Amino acid sequence: MKFDARTIKAINACILLFLGRVDQLHTGLFFLVVPLLIVVVGAAALAVVVVAAAVVLVASALGVILMARRGINAAAAHSAAARAVTT
């Protein structure tokens, strides 16, 4: 994934703005804001992982269903095939 220079500058500006604001906070608030930020970022990361796991589960379930349908259709075709009559 490539980022252009404007995107990198914007991200750096946001980080510097946040760090500048956090640096001006009272010490007690600093120790409240930083763990809160860590919890929020961790929750967002966990949400992304949960969504990815759900997508993988749905895709694998669809794959199993399609494979089962293929096997059922093959068995039905085999059963419906004309057999040679032996006497």
Extended-chain gain in nm, criterion 0.36 nm per residue less alpha-carbon gap, F18 and I65: 12.0 nm
Farthest toward the dipole's positive end in the chain, which of V51, G63, A77, given Cβ charges of +1 (Lys, Arg) and -1 (Asp, Glu) about the Cα centre? A77
If you rank S60, S79 by how much accessible surface each has, with a 1.4 Å probe, what is the order from largest down? S79, S60
Tilt relative to the chain, helix 27-80 - C-alpha long axis, 0 to 90 degrees, to 10: 10 degrees
To the nearest 10 square angstrom, what accessible area does I11 show with a 1.4 Å probe? 80 Å²
Principal-axis tilt of helix 5-23 within the chain, Cα atoms, nearest 10 degrees: 50 degrees
Compute the accessible area per residue over the chain, keeping the other protein chains in place, probe 1.4 Å, unit Å². 90 Å²
Calculated P(r) tail over 20 Å for the range 25-87, as whole % of Cα pairs: 64 percent
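The values are calculated or read from the model by the stated rules, or taken from the named source; none is laboratory data. This structure is a prediction, so every number in the text was calculated from the model and none was measured. Neighbour counts are summed over all protein chains in view; Cβ atoms, including those assigned to glycine, are modelled from backbone coordinates with ideal geometry. To get the accessible areas, we keep the full protein, side chains included, count just its heavy atoms, and leave off ligands, DNA and RNA. Shrake-Rupley method; radii C 1.70, N 1.55, O 1.52, S 1.80 Å.
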